[in-house]
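Data first, discussion second: the structure below is written as structure tokens.
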Amino acid sequence: MSRPIVSIMMPCFNSAETLHMALGSVVAQTLEDWECIGLDDGSQDRTWEILSDVAKRDRRFKIEKFPENRGRGAARQRVLELATGNYLAFLDSDDWMYPERLAAEARWLDADAHIGAVSACAAVTDGSEDLVGLMKPRSEHPLPVVAAFEHPEPPPLLFPTSMIRTDLAQTTGFDPAFRRSQDSDFLIRALLGKHYALGSEVLYAYSQASAASLSRTLEGYKFRARTHLRHWRSHPLRVARTLAETGAKYVTYRVAGALGAEQRLIDRRWGPVDEATRTGFVAALATVRATAQQLFARS
């Protein structure tokens, strides 16, 4: 049996309210040679029921369940062990993908064997359908761009929109101890010394607006510090600078929280929406919504 082109990693925890759109966006992909691995990380709602129903009707869905919640680091690592595709794409269970996402990113990796991973832009939503902003991969140059990742610093890729070579991902692995920032930790270890690509297309709907909070942000910075300390011996000056920057951001958020102004900092993570982005979002949303309705009408 041949390997699928793409494995989709989808950890889930109490995701019943958002799974319909996430799963609908998988089925709506223009690239049909995929497997989607959904792992229920100890949910207490209908998440497992929904995953089981879809898996019965489409063999491209593979599912597994943890008896208790172990956190995203552990969930991602287990999915990684199950992945068989040439490439690995990420999808959070409260997000959804544009229909052309897998095809567009796979083309990057097909075209250049030196690229370890590719990342695209994301529409930021409040809930599944309310467009509130636009996030782009971080770059000093206009997108699209191909560059080398030479230092253990916060990666410029947007993790949710990224696609990576599966063999590289499996060699790297996720740290099960990381309940936050396991994505950044993973990308730094996977891509250090390698090339990556940053695309200019919006290919993902990211529900960060509703998920972002001060407590999650502060916890994430603590785990980021642990991430960078891994590379202290090989890059002491770079790590020292990054740790100082991380500490300064942590303090800034703590002060903003004390003043009740943390939401202003959170909102600065994404930029304004232009007309082309809004038009593309509306079209993608209509396709994914229709596919999800059709998919779950059979239930």
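Every listed requirement among (1) under 18 Å from ASP175 (Cα atoms); (2) assigned to a helix (DSSP H, G or I) is met by LEU39 save one, (2). Scanning segment 167-183 turns up at least one residue that is surrounded by 16 or more Cβ atoms within 10 Å (Cβ to Cβ), assigned to a loop (DSSP other than H, G, I, E, B) and among the polar types (S, T, N, Q). Only one entry of ARG241, ARG278 meets the criterion of being at pLDDT 65 or above, of a type outside the set (A, V, I, L, M) and assigned by TED's automatic domain parsing to the domain that holds ASP185, and that entry is ARG278. Each residue in segment 87-101 was checked for being at pLDDT 95 or above and either over 17 Å from the mean Cα position of the chain (by Cα) or closer than 19 Å to VAL282 by Cα (or both), and 7 of them qualify.
Could you tell me whether GLU64 is in contact with a Leu (Cβ under 9 Å, 6 or more places away or on another chain), surrounded by fewer than 23 Cβ atoms within 10 Å (Cβ to Cβ) and either under 23 Å from PRO176 (Cβ atoms) or acidic (Asp, Glu) (or both)? Answer is yes for this residue.
The values are calculated or read from the model by the stated rules, or taken from the named source; none is laboratory data. All figures in this text were calculated on a predicted structure; none of them were measured in a lab. Because the Cβ atoms are built from the backbone with ideal geometry, glycine has one as well, and the counts that use them run over all protein chains shown.
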